[in-house]
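What follows is a short report on a single structure.
The values are calculated or read from the model by the stated rules, or taken from the named source; none is laboratory data. Given the structure is predicted, the values throughout are model-derived calculations rather than measurements. Heads up, the Cβs are rebuilt from the backbone with ideal geometry, glycines too, and the neighbour counts pull from every protein chain shown. Only protein heavy atoms, including side chains, enter the accessible area calculation; ligands, DNA and RNA are left aside. Shrake-Rupley method; radii C 1.70, N 1.55, O 1.52, S 1.80 Å.
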Amino acid sequence: MSPISSIEVARARRSRRVLFVGNPTRYNDVSQWAMVRQWVALHGMEPIRELEGDVLCVIVTEDILDGRCSPKESAAVQHARALGVPCISVHDTTLIWQVTARVRARMGRPQVGASAAPHRGGA
């Protein structure tokens, strides 16, 4: 495995993709999982289920953190950690908020070159 470059880390921190790993089984986990996935989507990020390309962070179930998971799930989490991607419990909303703050702030700013004035006139 090649060393991780600072460019790769920076690119991951700019990513809007959030990887969800696991399959919640407990009632509290299922409702929290759905709420976090919805929150991610509502804030302009993309919830994904496969580790492909750059991801901002990985949201995992308690079972994943406890090591009760499939080899594929374990490999995805280990790969993400090796890349320096934060792996966060679905219940740790404070850390999810902190890790996604930079991306959410950047998406809330107008794009460079975009007009701040409303478009007037006919189409």
Most to least packed among 81-89, 38-46 [average Cβ atoms within 10 Å]: 81-89, 38-46
Simple spin-label estimate for Arg81 and Thr93 in nanometres, 7 Å along Cα-Cβ: 2.6
Mean Cβ neighbour count within 10 Å, used as a protection proxy, ranking 48-60, 65-77 highest first: 48-60, 65-77
Probe 1.4 Å, accessible area per residue of segment 43-93, Å²: 50
